[in-house]
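Working notes, beginning with the structure itself.
The values are calculated or read from the model by the stated rules, or taken from the named source; none is laboratory data. On a predicted model such as this, the values are computed, not experimentally measured, just so you know. With ideal geometry, Cβ positions are generated from the backbone for all residues, glycine too; neighbour counts draw on all protein chains shown. Note: areas computed on protein heavy atoms with side chains; ligands, DNA, RNA excluded. Shrake-Rupley method; radii C 1.70, N 1.55, O 1.52, S 1.80 Å.
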There are 2 protein chains.
Amino acid sequence: MDLPSPQFPDLNGFSSSYGNSLMKYLTLFIILTMSAKECLFANPTNGSPSTGGIVEVSQFGVKPDTGADVTEGVRAALDYCRTSKAAKLIFAPGRYDFWPDRAAEKYLFISNNDDGLKRIGFSLVGQAGLQIDGGGAELLFHGPMVPFLIEGARDIRIENLKVDFTRPFHSEGKVLAVSPEAVDVDIPEEFPFEIWNGVIVFTGGEKAPEESIRGRKPTMVKPVGTALAFDPKRREPAYMLSDKGGLEHGVPAEKLGDRRVRLHLKEVKANVGDVLAFGAARRDYPGFVISDSSDIRLDRVTLHHSGGMGIIAQRSGNLFLDHVRITPSGTRIISTTADATHFTNCFGKLELRDCLFENQLDDATNIHGLYARIDEIFAPNRFVARLVHPQQAGVQFLKSGVRLELTHGPSLETFGEVTAESVEPINKELAVVTTRTPLPKGVVVGDSVADADANTADVLIQNCVIRNNRARGILLGSRGKIRIEGNQFHTPGSAILFEGDARHWFEQAGVRDVTIHGNTFDNCNFGVWGNACISVGSGIDKEFRKSSRYNRNILIEDNLFRTFDTGPLVKIYSVSGLTFRRNRLEKSTAYPPRPDAGSEWFIQSDSDGIKIEEPTAERPPEK
Amino acid sequence: MDLPSPQFPDLNGFSSSYGNSLMKYLTLFIILTMSAKECLFANPTNGSPSTGGIVEVSQFGVKPDTGADVTEGVRAALDYCRTSKAAKLIFAPGRYDFWPDRAAEKYLFISNNDDGLKRIGFSLVGQAGLQIDGGGAELLFHGPMVPFLIEGARDIRIENLKVDFTRPFHSEGKVLAVSPEAVDVDIPEEFPFEIWNGVIVFTGGEKAPEESIRGRKPTMVKPVGTALAFDPKRREPAYMLSDKGGLEHGVPAEKLGDRRVRLHLKEVKANVGDVLAFGAARRDYPGFVISDSSDIRLDRVTLHHSGGMGIIAQRSGNLFLDHVRITPSGTRIISTTADATHFTNCFGKLELRDCLFENQLDDATNIHGLYARIDEIFAPNRFVARLVHPQQAGVQFLKSGVRLELTHGPSLETFGEVTAESVEPINKELAVVTTRTPLPKGVVVGDSVADADANTADVLIQNCVIRNNRARGILLGSRGKIRIEGNQFHTPGSAILFEGDARHWFEQAGVRDVTIHGNTFDNCNFGVWGNACISVGSGIDKEFRKSSRYNRNILIEDNLFRTFDTGPLVKIYSVSGLTFRRNRLEKSTAYPPRPDAGSEWFIQSDSDGIKIEEPTAERPPEK
């Protein structure tokens, strides 16, 4: 018998249908559906624009405020824009609804988020030279989707729109009582839940249609993994309380009546009246995924929520965020369930201006590269490289021709560079790398490699407001020129952190030129995520800090530090060159002093070229 | 700025590296590693065999009983066999260990199992004309892997080997006490567990290496979803007890000392002394996956365990299982966590001879096609087809040129056939189908399509022993000629079931020619999964049973029915042509009579051409 010709023989064929060829199919689909859909598609009612023309989504049947699923129409409009080389796609003001059911689908490996097969709202794959003008539209997503995927694209501008989800990926509850053994919460109707087998299960709140598969729970679940108390008056993480993790395997619970529930969870840190925010167990659905793209602009974009990071860019360059707002909608206290923004192995320019990042469940931004660990060395020029962090697996940066930086794991000191001759993947974690010249002397298994020419973006973060989120403000690791200017920080952890390590998170960092100028650090460090406003947290073993100079040339000037205790403003180690001058210090009574604040305002070790001026005392403004 | 050339731009590129080109890379990998690995690979030590030659895995450094990971060596050997067109790959007797860490990887859509990115033990993708002689070897898998993937392959013979897993995907515990509110179990060391936040979590038992990611539980979890009591003396599901589902979101638990645990799970059906089998929450890792392949033989293969079905074949033909044994190892009571075997849209010949299928957590086999539901009709020859069952999503059978059978959902009656002109996928569930001619009159949204030329295998199941598993014996749905002969059935549900429906499971069935000859039905129906030995369970709405004749031409002759009560031997509806003759009935006292057994030995409705002879009474053999 002949071999049957496989219909969808593997995800290769499958993916090519969904990825590269998707739009071809969609075009066909649109043409096919014309008669049924009143010829709204394919030939827009206003006639075909020539290259550089303007397209309205209404030409594809996409109207605001209908409550109907516009996913197919938007996809058709985007496809038409690509094939017709339209310059602009316009939305009329109003609300547009998206469901995952008929959305395109792609397997995505997204740095510091979870990989998987995802449904996509706006699929801008291979798109070039398009401006999407939302006209103030609100895009409302009704299920698990990545709202925007920008991949292999260039010269894209997305402006003047809002993104939100009907049922967020996280949940919230008001704390009614706390004991060492349990916490009682009152859960708003916005966060549906059920008790199954004595365990709380947050749900989508909508039962699946009747024809659901027999024997399957028809309810969509929203698994949570963490709990963190927020102060509802200040709308920020409660003073000095840490989050509890490990909830993803279930939490015993009992109903107390109405929407009140007792969670049998030990040693939850919370005050009566706090809002307990339950973080999503996974980072599956970031808001905007930008991958292998360049010249991408988001302007006046508001992202109220996403099930993962807000805006995550990887292997991309020339990224501009202007008046981007990450902020919760309605009465919710949480915006995105992870970092507001995140930039991995980016290059060119990276500018964040006049943005608002608040109430997300992790840092406001983190700009870094990736380290892969050397797992086995076969020969002086051949080794196995491993992407160790599970959320970096598949985010491959190793390819033929890439110049590799070799880094000593415990010290983060660089051995030197070699160029990859060939890279052969084994699976999403492992690849065999052959280099043109032998590895530098001293490199052993356990050391790491990074792309020496990625993570080089010149960074500008200007006039942004960063506040009320879990953890830190901005994590700076780009090797390019960095300017942090005119921002307002009010973060429970460090406002600015220099991290990077090659043994835990595998985030390549080590700044070369940073200016921190004219910012206000407004009562930061009211939480447990670091105790200095500006801090080094790089993963350098203590024994190597004396010699390592991972971060270099940091200028901190003309900033205002408003502080509520005597804790450190700056805490550094293994830095070469740091100047702290013309900064002002203002005392406040915003919070009680931290128990372990200490009394030193500048803490340093194992550094050189450090020039510090005592900050000048400033009187708080009259109330 | 130029667009960066994406390194792994999408899973398309990714998958092509892993799939089609994997072996190319591996070959290179092998050559690269030669110096380090003492030239064991690529050029086998015994010299290169010519086409049709014999290769020993030992030539690739794969030796038994070393405890080392042989995954890479086996992959190299298979690659070498393919490129050199070797006829046979030989293992020396002994134990071989496989870990997922360095295994190849592929995204698989596997019928009636869960889709995902899987690590593969033996990747026989595109392989042709190879015999793998295990020499009695035991292949031991140490983590989540699909032991064998046979895809786009032909003329493959795998013989004389055993497959097992160190830590199974399910868990077991001895029942110490049962109340309406809780069940106490003693969990053998073979099934590691922990209590996290008051919830039981079954684990892999091995902590991850020290360099694990900070903040992540380093322990591998083995999520369970069901609990079913087994009688440890009879080693079979406990008499008339049903399983409890919905455990996948967590079960509150407390330690009682040693390995004794109280599970706060209401109304668990179990007797003190039973073994409670906790079924895996997902079907991610079937044992043998056969996809789009033909002429595949498994001979003297023992599969002790898999995390999903044992042997699952889809869109494949000419499949021969000879002396295949699905049976638990050691003191475990469970073998595979789902069906022992399963055949979807298969064709040609399908033969199971002298096999043993026991103690798996679902049926011994199920031979069926797939229905896709018509979700929207754009035009007389254009519609959207949906794969509704979540474990059929991506198992696409629709392609250009396929002859489609149109089926009325509620009655399973066929409207007629049309041929697909083009099929354009939207996502893993949906595709737009254009047909060459209009759909038959009467077809509406909610009706279904199947591949009219698939699910046509001529089936022979001969001299097999089928016993002690959860649920039913064999589910027959192939449209080809079926012969069931000389088998021993001892199943808690129906031994032979004619199922199929287009609204719940979406399994196309409806037999055309079945002979059930010379089998022994030995005290079947001691459980809750059906109350007749041979039964129709097709999903035909009652109002349509009068006209529907979904199953046809069934001959039941010369069988022995050993029964412990007066319940039905045969129960049918909507059948055209059934003859029951020369069968014998033997009374036993193996179990108490079922409460609802009734007193009719043959129950029929809405059928024609039914010829029945009363079975002859037979005295039980002298003890």
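Where only protein heavy atoms count, and the probe is 1.4 Å, what is the accessible area per residue for the protein assembly as shown in Å²?
34
For A:Lys546 and A:Lys587, FRET efficiency with R0 = 45 Å and r from the beta-carbon atoms, rounded to 0.05?
For R0 = 45 Å, the calculated efficiency reads 0.80.
For a quick size check, give me the Cα extents of segment A:301-370 along its three principal axes, largest first, whole Å.
Taking the Cα atoms of segment A:301-370, the three principal extents are 38, 24, 13 Å.
What figure, in Å² to the nearest 10, do you get for the accessible area of A:Arg549 with a 1.4 Å probe and non-protein molecules left out?
50
Nearest 5 is fine: what % of DSSP beta bridges in segment B:220-340 come out antiparallel, could you say?
DSSP beta bridges in segment B:220-340 are roughly 55 percent antiparallel.
How many nanometers, to one decimal and shortest first, lie between the label point of B:Glu618 and those of its other copies, if labels sit 7 Å from Cα toward Cβ?
9.8
Using a 1.4 angstrom probe on heavy atoms only, work out the carbon and sulfur share of the accessible area of chain B in %.
48
Quick one: pull the percentage of alpha-carbon pairs in segment B:244-338 with a separation above 24 Å.
Value for segment B:244-338 (Cα pairs over 24 Å): 40 percent.
In square nanometres, what is one fourth of the surface area of the convex hull spanned by the alpha carbons of segment A:395-447?
Taking a quarter of the hull surface, the average projection is 3.8 nm².
For the residue pair B:Thr437 and A:Met240, what label-to-label distance in nm results when each label sits 7 Å from Cα along the Cα-to-beta-carbon direction?
With each label placed 7 Å out from Cα toward Cβ, I get 8.2 nm.
Given label points at 7 Å from Cα along Cα→Cβ, what nm distances, shortest first, separate B:Gly245 from the same residue in every other copy?
List, nearest first: 3.4 nm.
Which residue is it, in chain A, whose C-beta lies closest to the A-to-B rotation axis, and what is that distance in whole Å?
Closest to the rotation axis on chain A: A:Gly250, 1.
Could you work out the mean count of beta carbons from other protein chains within 10 Å of each residue's beta carbon in A:514-524?
Per residue, the average neighbour count from other chains is 0.
When all alpha-carbon pairs of segment B:404-527 are counted, what percent fall beyond 20 Å?
Across segment B:404-527, Cα pairs with separations above 20 Å total 55 percent.
Roughly how large, in nm² to one decimal, is the mean projection of the convex hull of the alpha-carbon atoms in chain B?
For the Cα atoms of chain B, the hull's average projected area reads 32.7 nm².
If Rh is defined by the Kirkwood formula over all Cα pairs and Rg also comes from Cα, what ratio Rg/Rh do you get for segment B:266-401?
Using only Cα positions, Rg/Rh for segment B:266-401 is 1.07.
Any idea what log10 I(q)/I(0) is at q = 0.21 Å⁻¹ for segment B:107-191, Debye with uniform C-alpha scatterers and no solvent?
Debye curve over Cα of segment B:107-191, log10 I(q)/I(0) at q = 0.21 Å⁻¹: -1.09.
Can you pull the one-decimal nm distance between simple spin-label points at A:Ala68 and A:Thr579, each 7 Å off the Cα toward Cβ?
Those two pseudo-labels are separated by 6.3 nm.
With Kirkwood's inverse mean 1/r over C-alpha pairs for Rh, give me the Rg to Rh ratio of segment A:272-325, two decimals please.
Checking Rg against Rh, the ratio lands at 1.11.
Rounded to the nearest 100 Å², what is the buried accessible area between B and A, both sides summed, probe 1.4 Å?
Approximately 8600 Å², summed over both chains.
Once the Cβ-Cβ distance between A:Asp375 and B:Thr414 is put in as r, and R0 is 60 Å, what FRET efficiency do you end up with, to the nearest 0.05?
Efficiency, from the Cβ-Cβ distance: 0.60.
Ordered by residue, what ³J(HN,Hα) values in Hz, to whole numbers, does segment B:435-441 give under the Karplus form 6.51 cos²θ - 1.76 cosθ + 1.60, where θ = phi - 60° and Gly and Pro are x?
10, 5, 10, x, 4, x, 4
Could I get the Rg over Rh figure for the protein assembly as shown? Both from C-alpha atoms, Rh via Kirkwood, rounded to two places.
Value, to two decimals: 0.98.
Averaged over all directions, how much area does the convex hull of the C-alpha atoms of segment B:56-158 cover when projected, in nm²?
Taking a quarter of the hull surface, the average projection is 6.2 nm².
Using the basic label-point model (7 angstrom from Cα toward the beta carbon), what is the A:Glu618 to A:Thr331 distance in nanometres?
Between A:Glu618 and A:Thr331, the simple spin-label model gives 3.8 nm.
Placing one identical point scatterer on every Cα of segment B:153-209 and ignoring solvent, what is log10 I(q)/I(0) from the Debye formula at q = 0.12, 0.20, 0.22 Å⁻¹?
-0.49, -0.88, -0.99
According to the Cα gyration tensor, what semi-axes, each the square root of 5 times an eigenvalue, does the equivalent ellipsoid of segment A:488-612 have, listed from largest to smallest in whole Å?
Equivalent ellipsoid of segment A:488-612: 24, 16, 13 Å, largest first.
Show the residues, 5+ positions off or on another chain, whose built amide H is closer than 5 Å to the amide H of B:Lys118.
Result for B:Lys118 returns B:Lys106, B:Tyr107, B:Leu108.
Be a star and scan segment A:115-140 for residues whose amide nitrogen sits under 20 Å from the point 7 Å along the Cα-to-Cβ vector of A:Met220.
A:115-123, A:138-140
Hey, which of these cross-link pairs are over 30 Å Cα-Cα: A:Lys162/A:Lys222; B:Lys266/B:Lys428; B:Lys162/B:Lys222; A:Lys85/A:Lys349?
B:Lys266/B:Lys428
With θ set to phi - 60° and the Karplus curve 6.51 cos²θ - 1.76 cosθ + 1.60, what are the ³J(HN,Hα) couplings of segment B:101-110 in order, to the nearest whole Hz, using x for Gly and Pro?
Listing the rounded values in order: 3, 10, 7, 5, 9, 7, 7, 10, 9, 10 Hz.
HN-Hα J couplings of segment A:587-597 from phi, Karplus 6.51/-1.76/1.60, θ = phi - 60°, integer Hz, Gly and Pro as x?
7, 9, 10, 4, 9, x, x, 6, x, 10, 5
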